[in-house]
Amino acid sequence: AQTVTQSQPEMSVQEAETVTLSCTYDTSESDYYLFWYKQPPSRQMILVIRQEAYKQQNATENRFSVNFQKAAKSFSLKISDSQLGDAAMYFCAYNTGTASKLTFGTGTRLQVTL
Amino acid sequence: GAGVSQSPSNKVTEKGKDVELRCDPISGHTALYWYRQSLGQGLEFLIYFQGNSAPDKSGLPSDRFSAERTGGSVSTLTIQRTQQEDSAVYLCASSLRPTTTGAQYFGPGTRLLVL
């Protein structure tokens, strides 16, 4: 079965500091895509960043970057210069070349403190 | 441009009643997905529509659940004879194309509470 594991149910970071959220996945596919979504209390799932598995270069979007380790099947999210607005649930997800549906991890709740 | 919209935002119903949840995807997006988010099961895929192709219904939990997509745009998820375990947030997403290069964009969800 294809699975996504987020081993950190909750994380806390001080404003302006850096935090890393972990994600591992299991797939036998060679063609797949990885995503991080943010879900604030408003419930809206917001795409933060995505990574194509065939690309070796790690994706970056402003303060958000990933560390993609394909052999280890690891896909962590680094948030730099954390802001209060970053507080939310973060979900790691992926889909494959044979199925467009997203498979999600269980999420990490990120708290940002002053 | 407008994002994915869903209605109603919240729905309270009595056990045994039928409910309809609506999703309006981003204009021009050909692929539409329904997911369910519940405390016990996390985020689960329900059903996927792509153009005029037969939908992928592999995630529907029972035959009480059905969905349709009219004119390749608006979709309605129907739950018949609702049960308390159907209480969840139902999320709709759309993408420009069904391939995995298309990230999915989500609506705000419908929170369903079955009493």
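The values are calculated or read from the model by the stated rules, or taken from the named source; none is laboratory data. Every value quoted in this text rests on a predicted model; they were computed, and no experiment measured them. Methodologically, a virtual Cβ is constructed for each residue, glycine included, from the backbone with ideal geometry; neighbour enumeration extends over all protein chains shown. Surface accessibility is based on the protein's heavy atoms, side chains included, excluding ligands, DNA and RNA. Shrake-Rupley method; radii C 1.70, N 1.55, O 1.52, S 1.80 Å.
When A:GLN6, A:GLN2 are checked against the criterion of being under 16 Å from A:THR103 (Cβ atoms), in contact (Cβ under 8 Å) with a residue 60 or more places away in the chain and open to solvent by less than 20 Å² (accessible area, probe 1.4 Å), A:GLN6 stands alone in meeting it. Would you call B:ASP63 acidic (Asp, Glu), touching a Leu at 6+ places or on another chain (Cβ under 8 Å), under 25 Å from B:LEU113 (Cβ atoms) and at pLDDT 95 or above? When the stated conditions are applied, B:ASP63 does not pass them. Of everything in the range A:72-114 that is open to solvent by 20 Å² or more (accessible area, probe 1.4 Å) and charged (D, E, K, R), the residue that is farthest from the other protein chains (Cβ to nearest Cβ) is A:ASP81. Residues of the range B:55-82 that are out of contact with any Gly (no Cβ under 8 Å at 6 or more places or on another chain) and of a type in the set (S, T, N, Q): B:SER58, B:SER62, B:SER66, B:THR70, B:SER73, B:SER75, B:THR76, B:THR78, B:GLN80. Within the range A:33-64, the set of residues being basic (Lys, Arg) and more than 10 Å from chain B (Cβ to nearest Cβ) comprises A:LYS38, A:LYS55, A:ARG63. Once the range B:84-115 is narrowed to residues that are open to solvent by less than 50 Å² (accessible area, probe 1.4 Å) and among the polar types (S, T, N, Q), the residue that is nearest to B:LYS11 (Cα to Cα) is B:THR110.
Criterion first (closer than 18 Å to B:PRO61 by Cβ and either modelled with pLDDT of 95 or more or open to solvent by 50 Å² or more (accessible area, probe 1.4 Å) (or both)) does B:GLN37 satisfy it?
yes
Taking only the range B:1-21 into account, find how many residues are assigned to a strand (DSSP E or B), open to solvent by 40 Å² or more (accessible area, probe 1.4 Å) and farther than 23 Å from B:ARG97 by Cβ. Of the residues in the range B:1-21, 5 are assigned to a strand (DSSP E or B), open to solvent by 40 Å² or more (accessible area, probe 1.4 Å) and farther than 23 Å from B:ARG97 by Cβ.
Criterion first (among the polar types (S, T, N, Q), within 14 Å of chain B (Cβ to nearest Cβ) and open to solvent by less than 80 Å² (accessible area, probe 1.4 Å)) does A:ASN67 satisfy it? No. Inside the range B:25-34, residues that are part of a strand (DSSP E or B) and either of a type in the set (A, V, I, L, M) or in contact (Cβ under 8 Å) with a residue 60 or more places away in the chain (or both) make up a count of 3. Considering the range B:42-76, and only residues there that are over 22 Å from B:ASP18 (Cα atoms), open to solvent by 60 Å² or more (accessible area, probe 1.4 Å) and free of Cβ contacts under 8 Å to residues at least 12 places away in the same chain, the residue that is nearest to the other protein chains (Cβ to nearest Cβ) turns out to be B:SER53. The number of residues in the range B:77-115 that are more than 9 Å from every other protein chain (Cβ to nearest Cβ) and of a type in the set (Val, Ile, Thr) comes to 5.
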